[in-house]
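What follows is a single structure, written as structure tokens, with notes after it.
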Amino acid sequence: MVREVEFVKKNRKSLKHKFSFAVRNPGKVPRYVRRLVRDAWLKTRHRGDHLAYYQAVMKSDTARNPEAAVGSQTHQRWLALGKMQFDYLKRHGLRPEHKMLEIGCGNLRAGRLLIDYLEPGNYAGIDISPDILKAARNTLAEYDLESKQPLLELVADNKFVLFPDGAFDVVHAHSVYSHCPIEVIEECFVHIGRILKPTGHFDFTFDRTEGEEHHVLHEDFYYRTETLVALAEKHGLTAVFMDDWERLKHHQSKIRITLGGSPTTS
Ligand SMILES: C[S@@+](CC[C@H](N)C(=O)[O-])C[C@H]1O[C@@H](n2cnc3c(N)ncnc32)[C@H](O)[C@@H]1O
């Protein structure tokens, strides 16, 4: 059953929203204009290939500031958002002996805590951006985590061919599919079941709307919960909206995917 609370997004694409946002946040207008110009340029270069498009977005954002590129405007927020993800996974049963994959690991905002917690060799992180993976390697060095032997890999799709069947207890994607069109999410749903253990789960966050589904500048995509749940079910997966994540007041929502039955939701 899908229950929903709070954080339903307005349509950020509407002119009315844009105008009132600009009036309320004049300081954010230059950044929006910069993104608008970049979108116009990148659209012509990467028409029809969203992952190549978003890789270019990450290149430009990472060059400015890797922590801001993954969505944290200050180092304090970077630390806090990593801890929020880590604490949630632990509360939901993550144990050091578990094998875990982080899709869109970024510069290891959560990954540094996960790598430290898991037994050596049990963390794998994949990302489409070579630039943010370079920043991830800097994080590994900074926190002295190389001895935990994490696997960090660049990928060009979401088919997970690097991994054997049933490889993972936990798969996690935070603020990744909120940046993806539906066909990228569907590719993930087609392949994710193969790499999950029968008892495993895959949690991902998404930008939720109860109105019209839309995207802003090909960077932020807004979906209805029922769209993603139905898409998961189409591929034989079970999807549950995670109410307890809403209580943390993060601006995105979370869905848990399992291979069937009734997944634990808290
Ligand atoms: C907003 S950042 C979040 C990073 C990390 N999950 C965190 O919470 O710090 C999104 C990351 O996902 C990566 N990404 C976007 N789409 C992806 C996809 N379909 N597969 C793998 N990585 C993706 C981006 O390159 C970027 O590093």
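If a residue has to be closer than 17 Å to N122 by Cβ and near the ligand (Cβ under 10 Å from one of its atoms) to count, how many in region 161-193 make the cut?
1
Inside region 88-124, can you point out the residues that are surrounded by fewer than 20 Cβ atoms within 10 Å (Cβ to Cβ) and either in contact with a His (Cβ under 6 Å, 6 or more places away or on another chain) or of a type in the set (A, V, I, L, M) (or both)?
L94
Which ranges mark the helices (runs of 4 or more DSSP H) fully within region 61-126 that have 1 or more residues being under 19 Å from W245 (Cβ atoms)?
In region 61-126, 75-91, 111-117 are the helices (runs of 4 or more DSSP H) which contain 1 or more residues that are under 19 Å from W245 (Cβ atoms).
Is there a residue in region 19-36 that is among the polar types (S, T, N, Q), within 23 Å of H172 (Cα to Cα) and either more than 16 Å from the ligand (Cβ to nearest atom) or crowded, with 17+ Cβ neighbours inside 10 Å (or both)?
no
When only residues in region 162-174 that are among the small types (G, A, S) and surrounded by fewer than 23 Cβ atoms within 10 Å (Cβ to Cβ) count, which is nearest to T238 (Cα to Cα)?
Residues of region 162-174 that are among the small types (G, A, S), as a first pass: 166-167, 173.
Now restrict to residues that are surrounded by fewer than 23 Cβ atoms within 10 Å (Cβ to Cβ): 166-167.
On the way: G166: 16, A167: 19 Å.
Among them, the one singled out is G166.
Can you report the number of residues in region 47-87 which are within 22 Å of H251 (Cβ to Cβ), surrounded by fewer than 14 Cβ atoms within 10 Å (Cβ to Cβ) and of a type in the set (G, A, S)?
Result for region 47-87: 1.
Of everything in region 125-144, what is surrounded by fewer than 23 Cβ atoms within 10 Å (Cβ to Cβ), within 12 Å of the ligand (Cβ to nearest atom) and over 18 Å from N65 (Cα atoms)? Give them in sequence order.
Scanning region 125-144 gives a single hit, I126.
Rule-based calculations on the coordinates, nothing more; no lab input. The structure displayed is predicted, hence computed values, not measured ones. In this analysis, Cβ positions are derived from the backbone assuming ideal geometry, glycine residues included, and neighbour counts consider all displayed protein chains.
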